[in-house]
Amino acid sequence: MIFNISMGMALVDYNNNIQISELEVNICEQGKLYALTGFRWQSFPIEYYIDSSVPDEFVEDVILSINAWENITEVNLFKKVQTTSADLVIKFGTTEAVYVLGVTSIWIDELNLDSDIIERSEIIMSNIADFQDLEITCELLPIDHPGPYDFQAVMVHELGHVLGLDHTEDEFATMHTYYIGSFSRTLSPGDVNGIYEIYNF
């Protein structure tokens, strides 16, 4: 039996009573926490396919997002291929969830002796979100800002899920649950430490 887990990056539901209106905190050197999904890839590189639904202007951002993770290790984590049967498929589409910018689905074979090993993964970026290529700052944005949203920042977050990282409560980390700034193109120490724990780099 193949078991599926889905995670992603969400906008804040304006009705959830979060009272933070704006945080102006320099986050360039902060971030200590991480959380793990409990799943990992058995070997690298992860073969990935960029679906034709991904607009041409964002293809380079996918590659830059991959580089953000590869730059913290000497291992080639990803390899681009031209087949839809790739280990990871990246595409644009719709999701059932509200206020979601991107969703990562992970499949594991729970009947396998190593039930923590990821079999395949898929990233779906919302085709209704106002994605752009934004200038990066080191400040958190207002938590309920209306967009646009930095595509590369969200893609770096989703790739963290692909690699085995879960959401963290550390609001300065790439793997924070909610989109509160385009700082998340830059990995926090917690993001890096989490990957090192999973794969012993």
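Condition first: under 14 Å from E158 (Cα atoms) and in contact (Cβ under 8 Å) with a residue 60 or more places away in the chain. Now tell me which residues in segment 91-108 satisfy that. Don't jump to the end; show me each part of the working.
The initial filter retains those residues of segment 91-108 that are under 14 Å from E158 (Cα atoms), namely 91-92, 100-106.
Within segment 91-108, V100, L101, G102, V103, T104, S105, I106 qualify.
Considering only residues of segment 56-90 that are free of Cβ contacts under 8 Å to residues at least 40 places away in the same chain and among the β-branched types (V, I, T), which is farthest from Q42 (Cα to Cα)?
The residue in question is V59.
Please enumerate the residues belonging to segment 151-183 that are among the hydroxyl-bearing types (S, T, Y) and under 15 Å from I72 (Cα atoms).
Across segment 151-183, the qualifying residue is only T174.
Would you call F183 more than 15 Å from the chain's Cα centre (by Cα) and at pLDDT below 90? Walk me through how you get there before you give the answer.
Numbers: more than 15 Å from the chain's Cα centre (by Cα): no; at pLDDT below 90: yes.
Criteria not met by F183.
State whether the residues of segment 72-82 include one that is within 24 Å of E197 (Cβ to Cβ), assigned to a loop (DSSP other than H, G, I, E, B), touching a helix residue (DSSP H, G or I) at 6+ places or on another chain (Cβ under 9 Å) and at pLDDT below 80.
Pass one, segment 72-82, residues within 24 Å of E197 (Cβ to Cβ): 72-79.
Next, from what is left, pick out any that are assigned to a loop (DSSP other than H, G, I, E, B): 72-77.
Now narrow it down to the ones that are touching a helix residue (DSSP H, G or I) at 6+ places or on another chain (Cβ under 9 Å): 72-73, 75-77.
Checking which are at pLDDT below 80 leaves us with none.
No; the residues of segment 72-82 include none that is within 24 Å of E197 (Cβ to Cβ), assigned to a loop (DSSP other than H, G, I, E, B), touching a helix residue (DSSP H, G or I) at 6+ places or on another chain (Cβ under 9 Å) and at pLDDT below 80.
Let me spell it out: the conditions are (1) polar (S, T, N, Q); (2) closer than 30 Å to P148 by Cα; (3) at pLDDT below 95; (4) not in a strand (DSSP E or B), and S105 meets all of them except one. Which number is the exception?
(4)
Looking at segment 33-62, which of its residues are in a helix (DSSP H, G or I) and either buried (at least 16 other Cβ atoms within 10 Å of the Cβ) or among the acidic types (D, E) (or both)?
At the first step, the residues of segment 33-62 found to be in a helix (DSSP H, G or I) are 56-62.
Within segment 33-62, D56, E57, F58, E60, D61, V62 meet the criteria.
The values are calculated or read from the model by the stated rules, or taken from the named source; none is laboratory data. Please read these numbers as outputs of a predicted model, since none were measured by experiment. Heads up, the Cβs are rebuilt from the backbone with ideal geometry, glycines too, and the neighbour counts pull from every protein chain shown.
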